[in-house]
Every structure is written in structure tokens, then in C-alpha cells.
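J.: Quick one: the structure is below, and I'll ask about it shortly.
The values are calculated or read from the model by the stated rules, or taken from the named source; none is laboratory data. As the structure is a computational prediction, the values presented were derived from the model and not from experiment. All Cβ positions, glycine included, derive from the backbone under ideal geometry; neighbour counts span all protein chains shown. Surface areas here come from the heavy atoms of the whole protein model, side chains and all, with no ligands, DNA or RNA. Shrake-Rupley method; radii C 1.70, N 1.55, O 1.52, S 1.80 Å.
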Amino acid sequence: MSSTGDKMKGKANEGMGKVKQGIGEATDNPRLKGEGQAQELKGDAQQVKGNVKDAVKKGVDKA
């Protein structure tokens, strides 16, 4: 997957995670809140992966 794809999937997972956390909070559902936190962390990791790919590509392009 491209760096842009990783970043987009990361943003989507981060957003959905926040929504799940909000719903879990509003409905007093700790399982849903936990799922949301995990999904948000997954999104963060995907974005970092995309940023690393960009950095590597820029380094290779300079060489």
C-alpha cells in the first residue's frame, strides 16, 4: 500500500475509533469504548507507517 493509502486508512480508523469511544461513553459500554481506543491506536500506527514510507522514499530519491 502507498504512503497516502496508509495515511488515509489511518485517518479513517482514527475517526471511527473516536466515534466508537464516544458512543461507548454515552451508552456506558466499556467494551465499545475499549474497541474505539484500540481502533484509534491502530489508525495512529497506520499514519506513522505512511510517514515512514514518505521519509524513506524522499531519502531514496535524494540518493
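J.: So, R0 is 22 Å and r is the distance between the beta-carbons of Lys11 and Lys58; what FRET efficiency does that work out to, to 0.05?
T.: On the way: r = 21 Å, r/R0 = 0.95.
Using R0 = 22 Å, I get an efficiency of 0.60.
J.: Hey, what D do you get for the chain in µm²/s if you plug the Kirkwood alpha-carbon radius into Stokes-Einstein at 4 °C and 1.567 mPa s? Could the numbers behind the result be given before it?
T.: Details: Rh = 12.3 Å.
Stokes-Einstein gives a translational diffusion coefficient of 105 µm²/s.
J.: Among the listed pairs Lys18/Lys53; Lys20/Lys49; Lys20/Lys58; Lys7/Lys33, which have their C-alpha atoms separated by more than 30 angstrom in this model? Present the calculation step by step, with values, prior to reporting the outcome.
T.: Working: Lys18/Lys53 25 Å; Lys20/Lys49 23 Å; Lys20/Lys58 36 Å; Lys7/Lys33 23 Å.
Cα-Cα > 30 Å for Lys20/Lys58; rest within.
J.: First measure r as the distance between the Cβ atoms of Val48 and Asp28, then evaluate 1/(1 + (r/R0)^6) with R0 = 22 Å and state the FRET efficiency to the nearest 0.05.
T.: Details: r = 32 Å, r/R0 = 1.45.
With a Förster radius of 22 Å, E is 0.10.
J.: Hey, another quick one. How much net charge surrounds Ala55 when only the other residues with a Cβ under 12 Å from the Cβ of Ala55 are counted, with Lys and Arg +1 and Asp and Glu -1? Write out the running numbers ahead of the final one.
T.: On the way: positive: Lys49, Lys53, Lys57, Lys58, Lys62; negative: Asp54, Asp61.
Result for the neighbourhood of Ala55: +3.
J.: Which ³J(HN,Hα) values, rounded to whole Hz and listed in residue order, are derived for segment 35-42 from phi using the Karplus coefficients 6.51, -1.76 and 1.60 in 6.51 cos²θ - 1.76 cosθ + 1.60 with θ = phi - 60°, glycine and proline given as x?
T.: 4, x, 5, 5, 5, 5, 5, 4
J.: Continuing with this model, one more query. For the Cα atoms of the chain, what angle does the longest principal axis make with the long axis of helix 3-26, in degrees from 0 to 90, nearest 10?
T.: Helix 3-26 and the main axis of the chain meet at about 10 degrees.
J.: For Val52, what accessible surface area do you get with a 1.4 Å probe? Give it in Å², rounded to 10.
T.: Number for this one is 80 Å².
J.: With every protein chain kept in place and ligands, DNA and RNA left out, what is the accessible area per residue of the chain? Probe 1.4 Å, answer in Å².
T.: Details: 4390 Å² over 63 residues.
Result: 70 Å² per residue.
J.: Local charge sum around Gln46 (other residues, Cβ-Cβ under 15 Å, Lys/Arg +1, Asp/Glu -1)? Provide the component values of the computation, followed by the final result.
T.: Details: positive: Lys7, Lys9, Lys11, Lys18, Lys42, Lys49, Lys53; negative: Asp6, Glu14, Glu40, Asp44, Asp54.
That works out to +2.
J.: I would also like to ask the following. If r is the Cβ-Cβ distance from Ser2 to Leu41 and R0 is 30 Å, what FRET efficiency results, to the nearest 0.05? Could you put the intermediate results ahead of the total?
T.: On the way: r = 22 Å, r/R0 = 0.73.
The formula returns an efficiency of 0.85 here.
J.: Counting pairs of alpha carbon atoms under 8 Å apart in space and at least six apart in sequence, what relative contact order in percent does the chain give?
T.: Numbers: 76 pairs, mean separation 27.8, N = 63.
It rounds to 44 percent for the chain.
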